[in-house]
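The values are calculated or read from the model by the stated rules, or taken from the named source; none is laboratory data. These numbers come from a predicted model, not from an experiment. All Cβ positions, glycine included, derive from the backbone under ideal geometry; neighbour counts span all protein chains shown. Note: accessible area is taken over every heavy atom of the protein model, side chains too, but ligands, DNA and RNA are not part of it. Shrake-Rupley method; radii C 1.70, N 1.55, O 1.52, S 1.80 Å.
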Amino acid sequence: MGPTAAGKTELALALARTFPVEIISVDSALVYRGMDIGTAKPEPQILTAFPHHLVDIRDPIEPYSAGQFRDDALALMADITARGKVPLLVGGTMLYFKALQQGLADLPTADAEVRTRLELEAAEKGWAFLHQRLVEVDPVSAKRIHINDPQRLQRALEVYELTGKSLTELTQHTEPALPYRVIKIILAPFDRAVLHQRIAVRYQNMMQGGFIDEVKKLYRRGDCHPQLPSIRAVGYRQAWSYLAGDYDQETFIYKAIVATRQMAKRQLTWLRAQPDGVWFDSTVELPVQQVNKYVAEQVPELMNKA
């Protein structure tokens, strides 16, 4: 686990060269086909040599929830372990990690009518108005959900309207804990300035690699729109607004970098709350030897399978 641009994919590949593992992606954007550059998706040759489960499994217009991820991941983990290998879960979507470890409450499915009405109300009165409504009905969720996070804000209000109960109340009771022994490897540059620099460099590389052309293909399809979870992904939603003429390219890149830094901050906040996570520093270089040594010490039987 780790923030964006920490080097998680490279470390996972190093582990896969040493131990009998199969990689399961824990990334809400990598599930989408045709979204490669903006998600830093591994190159096709890497995916061929080291297959990643749960990559390229959805079209951008198709939804994919944390609940679906949990079901898919548990099925894959059972299959992988039955074949004598070890599941290696890699990614930065902390909601997916949380769903896998703690389970999910039995929440109502999305209701198109309610969502449309909330979107129209937001367009008329603003998301700040709806956030204040959430403060009144579910202050705990309102404190956790940022005013500029329309997707989760909309979902919290939708759940309340459909059930008459707050999201906080409904999520107090969850499924049984994950029935596996878990080793949590947290990778991050301990120097925050290095992380910020890597994020900026990543956007430079993305632009040179054809990121705008990638988003243009989605933009021109006709069936994609900025309310889709895929298009809401960091970087994509800013590029979409740029293509819509909301601001120029320089502003788009600035906004995307700032949004990515904010996402990394949220990721790090969540990771610090993991009491059994073991941190490794990727400020200067990937700590491959240290991580290999740690894993071998924790699960010595892996060396017999390698």
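Close contacts from region 133-147, counting a first residue that is closer than 19 Å to Trp270 by Cα and a second that is assigned to a helix (DSSP H, G or I) and of a type in the set (S, T, N, Q), with Cβ to Cβ under 6 Å and a gap of 6+ residues or different chains, come to Val140/Thr168; Ser141/Thr168. Considering only region 36-59, state which residues are over 12 Å from Ile24 (Cα atoms) and without any contact (Cβ under 8 Å) to a residue 24 or more places away in the chain. Hits for region 36-59 are Lys41, Glu43, Pro44, Gln45, Thr48, Ala49.
One residue stands out among those in region 97-134 that are loosely packed, with under 15 Cβ neighbours inside 10 Å and of a type in the set (Val, Ile, Thr): the one that is farthest from Tyr64 (Cα to Cα), which is Thr116. In this structure, is Leu104 under 17 Å from the mean Cα position of the chain (by Cα), assigned to a loop (DSSP other than H, G, I, E, B) and within 26 Å of Val26 (Cβ to Cβ)? Taking the combined requirement at face value, the residue satisfies it. Is it the case that region 204-225 has a residue that's of a type in the set (Val, Ile, Thr), out of contact with any strand residue (DSSP E or B) (no Cβ under 8 Å at 6 or more places or on another chain) and either at pLDDT 95 or above or open to solvent by 80 Å² or more (accessible area, probe 1.4 Å) (or both)? Yes, region 204-225 contains at least one residue that is of a type in the set (Val, Ile, Thr), out of contact with any strand residue (DSSP E or B) (no Cβ under 8 Å at 6 or more places or on another chain) and either at pLDDT 95 or above or open to solvent by 80 Å² or more (accessible area, probe 1.4 Å) (or both).
Consider Asp223 carefully, then state whether it is assigned to a loop (DSSP other than H, G, I, E, B), closer than 30 Å to Ile61 by Cβ and of a type in the set (Asp, Glu). Yes: the conditions hold for Asp223. Of the residues contained in region 81-92, one or more are found to be part of a helix (DSSP H, G or I) and either modelled with pLDDT of 95 or more or open to solvent by 50 Å² or more (accessible area, probe 1.4 Å) (or both). Considering each residue of region 61-68 in turn, at least one proves to be part of a helix (DSSP H, G or I), touching a helix residue (DSSP H, G or I) at 6+ places or on another chain (Cβ under 8 Å), aliphatic (A, V, I, L, M) and under 19 Å from Ala29 (Cα atoms). Ala296 meets all of the listed conditions (1) modelled with pLDDT of 95 or more; (2) in contact with a Phe, Trp or Tyr (Cβ under 9 Å, 6 or more places away or on another chain); (3) aliphatic (A, V, I, L, M) but one, namely (1). For region 242-251, indicate whether the set of residues that are open to solvent by less than 70 Å² (accessible area, probe 1.4 Å), out of contact with any strand residue (DSSP E or B) (no Cβ under 7 Å at 6 or more places or on another chain) and acidic (Asp, Glu) is non-empty. No, region 242-251 has no match at all. Residues that are among the acidic types (Asp, Glu), in contact with a helix residue (DSSP H, G or I) (Cβ under 8 Å, 6 or more places away or on another chain) and loosely packed, with under 14 Cβ neighbours inside 10 Å are absent from region 273-290 altogether. Within region 272-295, identify whether any single residue is in a helix (DSSP H, G or I) and under 20 Å from the mean Cα position of the chain (by Cα), and answer yes or no. Checked against the condition, which is being in a helix (DSSP H, G or I) and under 20 Å from the mean Cα position of the chain (by Cα), region 272-295 yields at least one hit. Whenever a residue of region 108-132 is acidic (Asp, Glu), its partners that are modelled with pLDDT of 90 or more and open to solvent by 80 Å² or more (accessible area, probe 1.4 Å), lying with C-beta atoms within less than 8 angstrom and at least six residues away or across chains, give the pairs Glu121/Phe129.
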